[in-house]
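To keep things clear, I will list the structure first and then write my remarks on it.
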Amino acid sequence: MQAIRDAILSGDRSEETYQNIEIPESYRGATVHKDEVEMFEGLTTKEKDPRRSLHIDEVPVPELAPGEALVAVMASAINYNTVWTSIFEPVSTFGFLERYGRTSDYAKRHDLPYHVVGSDLAGVVLRVAPGVSKWKPGQEVVAHCLSVELEDADGHNDTMLDPQQRIWGFETNFGGLAELAIVKANQLMPKPDHLTWEEAASPGLVNSTAYRQLISKNGAAMKLGDRVLIWGASGGLGSYATQMALAGGATPICVVSSPEKAEICRSMGADLIIDRNAEGYRFWNDEGTEQDPREWQRLGKKIRELTGGYDVDIVFEHPGRETFGASVYVARKGGTIVTCASTSGYMHEYDNRYLWMNLKRILSSHFANYREAWEANELINRGLIHPTLSQTYRLEDVGQAALDVHRNAHQGKVGVLTLAPEEGLGVTNA
């Protein structure tokens, strides 16, 4: 592994160099263990600690399947799907791996008693399998997390509709929080050369997700002049939505939870900001069994104060249960609530009168198709959207990194160095 690291740090990107590097028999990766899926039984979600369940293990390098690439991972990042994996909610990811393993002989490799997690990476291609012509050893890459088989007709208009659509590193094994990773070659995209390894690794999942959810015709199809309410606007997902709204000529109304997070939104160029903690919104009673429409109304009034009397055209929803009733209420007549993730709970409740009688729409959105992921990466490459990386940990500290995201103690994305020995490396075109 040291030879691989040394070659990458040397700046040599010749195909011959990487073709001739010996691939080790094993590598270090962040894993959860199948025999520990019951370890948090009886605890509330907030009490579950990823530091207990995420391990750094030495695992075998698997055989490459046709159409795949082996990547030396210099840096990765934490997404909420890694938090879900680490606390075994809403289900254990080993069920995903077992089902995938039944689909083919090569897929059996994924059904293991450990799961190497992570859905982002920036690194260098080491090997490509038969059937790969676009990518060569030595190329610097990032990866999006859409893994599909494309054997069914359903996936060929929108790859997210493929019946075998999975999220790499969450519903598949051999993810990016590791020294090596295996991806389908069509997950690879060029690494933006003005970014460090950790910066380049951080946008992948959230940037593509925000692009489909907010910009794409498959999502809200935001247009010039739209007013967009963005929950968690300084966070891993919301910070990209905020930048896209600003770059696209829309007006973001940024909902945050502290003055520090409000300042991040201002630094991105946003002017209309709601600190939900300072406002003291209590959308649910203490038991979490009943919502208070008066609090929805209070949020709507605050929005109109900021916008000069207008309701929002689009609500960018991802907290889920905690905020969804309010989101449906505050959207304008004919407006759109576009939703993914549900980090505060999946069982959404809202008053359908405000949806039905006001002709509002609820749209679902999940990651991005191949074309959307490329378009989102090109925004990064051109400097139109910038990584929002707040802190970077070593691979050994991945549990703490996941805990930060679990407890919403982060701002923007949380990065993880894997093979990179320190921050600030990897820029080739400053």
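Here are the numbers for this structure:
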| quantity | calculated |
| --- | --- |
| Pairs, first of a type in the set (Gly, Ala, Ser) in segment 134-148, second assigned to a strand (DSSP E or B), C-beta under 6 Å, six or more apart | Ala143/Val183; Ala143/Leu188; Ser147/Arg166; Ser147/Lys184 |
| Contacts under 8 angstrom Cβ, first residue in segment 381-402 being in a strand (DSSP E or B), partner open to solvent by 70 Å² or more (accessible area, probe 1.4 Å), 6 or more apart | Thr392/Glu423 |
| Matching residues in segment 188-210 - criterion: being in contact with a Cys (Cβ under 8 Å, 6 or more places away or on another chain) and surrounded by fewer than 24 Cβ atoms within 10 Å (Cβ to Cβ) | none |
| Output for segment 33-67, where each listed residue is over 15 Å from His406 (Cβ atoms), outside any loop (DSSP other than H, G, I, E, B) and open to solvent by 10 Å² or more (accessible area, probe 1.4 Å) | His33, Lys34, Asp35, Glu36, His55, Ile56, Asp57, Glu58, Pro60 |
| Sole exception among (1) open to solvent by 30 Å² or more (accessible area, probe 1.4 Å); (2) in contact (Cβ under 8 Å) with a residue 40 or more places away in the chain; (3) under 18 Å from Ala210 (Cβ atoms) for Asp311, by number | (3) |
| Some residue of segment 272-294 being in contact with a Leu (Cβ under 7 Å, 6 or more places away or on another chain), closer than 26 Å to Gly248 by Cβ and either exposed (fewer than 12 other Cβ atoms within 10 Å of the Cβ) or without any contact (Cβ under 8 Å) to a residue 40 or more places away in the chain (or both) | yes |
| Any hit, segment 406-416, residues being farther than 17 Å from Gly236 by Cα and either over 21 Å from the mean Cα position of the chain (by Cα) or not hydrophobic (A, V, I, L, M, F, W, C) (or both) | no |
| Per-region count, segment 6-27, residues in contact with a Leu (Cβ under 8 Å, 6 or more places away or on another chain), open to solvent by 40 Å² or more (accessible area, probe 1.4 Å) and within 19 Å of Leu425 (Cβ to Cβ) | 1 |
| Filter result (more than 26 Å from the chain's Cα centre (by Cα) and of a type in the set (S, T, N, Q)) within segment 304-359 | Thr307, Asn352, Asn358 |
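The values are calculated or read from the model by the stated rules, or taken from the named source; none is laboratory data. Everything numeric in this text was worked out from a predicted model, so none of it was measured. Positions of Cβ are generated from backbone atoms using ideal geometry, with glycine treated the same way; all protein chains shown enter the neighbour counts. These area figures cover heavy atoms from the full protein model, side chains too; ligands, DNA and RNA do not enter into them. Shrake-Rupley method; radii C 1.70, N 1.55, O 1.52, S 1.80 Å.
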